1. What is the one condition in (1) within 22 Å of THR222 (Cα to Cα); (2) within 14 Å of the ligand (Cβ to nearest atom); (3) touching a His at 6+ places or on another chain (Cβ under 9 Å) that SER267 does not satisfy?
2. So, in the stretch 263-273, how many residues would count as being under 25 Å from LEU142 (Cβ atoms) and either open to solvent by 40 Å² or more (accessible area, probe 1.4 Å) or of a type in the set (Phe, Trp, Tyr) (or both)?
3. Give me the pairs, please: first residue somewhere in the stretch 185-210 and among the small types (Gly, Ala, Ser), second residue anywhere and assigned to a loop (DSSP other than H, G, I, E, B), beta-carbon distance under 7 Å, and either six or more positions apart or on two chains.
4. Where residues in the stretch 217-239 are more than 10 Å from the ligand (Cβ to nearest atom) and crowded, with 17+ Cβ neighbours inside 10 Å, which of them is nearest to ASP319 (Cα to Cα)?
5. Name every residue in the stretch 123-155 that is of a type in the set (Gly, Ala, Ser), out of contact with any strand residue (DSSP E or B) (no Cβ under 6 Å at 6 or more places or on another chain) and in contact (Cβ under 8 Å) with a residue 24 or more places away in the chain, in order of residue number.
6. Would you pick out the residues in the stretch 177-192 that are within 16 Å of the ligand (Cβ to nearest atom) and buried (at least 19 other Cβ atoms within 10 Å of the Cβ)?
7. Search the stretch 37-68 for residues being under 21 Å from LEU245 (Cβ atoms) and in contact (Cβ under 8 Å) with a residue 60 or more places away in the chain, and hand back the single one that is surrounded by the fewest Cβ atoms within 10 Å (Cβ to Cβ).
8. Where the second residue is assigned to a strand (DSSP E or B) and the first is closer than 16 Å to ILE78 by Cα and lies in the stretch 224-240, which pairs have Cβ atoms under 6 Å and are six or more apart or on separate chains?
Amino acid sequence: MKILVTGGAGFIGSHTCVELMKSGYDIVIADNFCNSKRETIGRIEELGGKSLRLYEADMLDLEALRKIFAENDICAAIHFAALKAVGESVRQPVRYYHNNITGALNLVTAMNDAGCKKIIFSSSATVYGDPATVPIKETFPLSAASPYAQTKLVTENLLRDLCVSDPEWTCILLRYFNPVGAHESGLIGEDPNGIPNNLMPLVVMAAQGKRQLKVFGNDYPTRDGTCIRDYIHVVDLAQGHVAALNYLKKCAPGAEAINLGSGSGSSVLEILNAFEKAVGVKLPWEMGERRPGDVPQLYADPSKAKELLGWETKLTLEDMCLSSWNFANRQG
Ligand code: UFG
């Protein structure tokens, strides 16, 4: 069974391709390598145990997408390809709206024309804005505090509207919490171009002595004053996509939003402590100011994923820290 994975060379995409291949799926990747590396493709094939088909294609190129569907009998798509830096999206809203929304529009246009009407969309917990309570359920109100978040929300709405207009469409909207970690082989992991924005890659760089780490604020209304997030190992997350795909094949048409998180929150200081303990290094860090836009607490109620997909996280914070460290040290 052939699956199109857009953004398949990226952080979550690459791990998902490996897990899909191990579960027997054949993979077609569409990626423009704007924030990923070509060498990842060979590593996915090595870890997945078979070859895949690669199209170097941009989501803004509708004809390139049509060609992929014309040349392959694709039964479903998993759509990862998008720009994802929150701060950059505030500075470059037009680029973010254009890339992420036009990209999604092109993909569903090509899919519709090819009669392929099953999609899993890579959404984000950012669509919950600053929730009134935690843990967060899928039924909570949605809001967007950045252009990046808007693009996730608009794409979710596009897919919902598509399902209303055409009862043959089935869309699963996976709302990720904070993906971290890397494959245990150390061959694939989070390797963004430029300086990372997210906590774990910055922790790793601090441990390597490459950068000073700043904790963004300790005056939040949380147990130690630092922000709480739901960190999820990228391999657990990838397996969540396999479970979602198995569900997508048999579920009734329509749109379904599902949280993928662990259900437990960790503060920034708890992450630093877990990393020091797992890896056995002392992290150089200092307390800084709040980062604009950060909300105090976000963690999932993951019960819908368990109920519908039979999926829950298995890997620990220690696994997340050790695998991130292992991957970073293999890159040099
Ligand atoms: N943090 C620091 N210092 C840093 C970097 C981060 O203290 O140098 C803190 C942040 O303030 C936050 C926590 O670490 O409290 C996690 O920050 P990340 O940037 O790693 O992650 P976010 O929760 O801000 O954002 C992530 C994804 C987004 C997604 C969002 C969903 O990066 O794409 O989760 O809630 F939209």
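The values are calculated or read from the model by the stated rules, or taken from the named source; none is laboratory data. Fair warning: this is a prediction, and the values are worked out from it, not measured in the lab. Note that we place each Cβ from the backbone using ideal geometry, even for glycine, and neighbour counts take in every protein chain shown. For the accessible areas, the whole protein counts, side chains as well, though only heavy atoms, and no ligand, DNA or RNA atoms are used. Shrake-Rupley method; radii C 1.70, N 1.55, O 1.52, S 1.80 Å.
1. (3)
2. Total meeting the criteria: 1.
3. Partner pairs satisfying both residue conditions: GLY189/ALA182; GLY189/HIS183; ALA206/GLN212; ALA206/LEU283; ALA206/PRO284; ALA207/VAL281; ALA207/LEU283.
4. It comes out as HIS233.
5. If the condition is that a residue be of a type in the set (Gly, Ala, Ser), out of contact with any strand residue (DSSP E or B) (no Cβ under 6 Å at 6 or more places or on another chain) and in contact (Cβ under 8 Å) with a residue 24 or more places away in the chain, then ALA145, SER146, ALA149 are the ones that fit.
6. PHE177, ASN178, PRO179, VAL180, GLY181, ALA182, GLY189, GLU190, ASP191, listed by residue number.
7. Among those that are under 21 Å from LEU245 (Cβ atoms) and in contact (Cβ under 8 Å) with a residue 60 or more places away in the chain, it is LEU47.
8. Cβ pairs passing all conditions: VAL234/PRO179; LEU237/PRO179; LEU237/LEU260; GLY240/LEU260.
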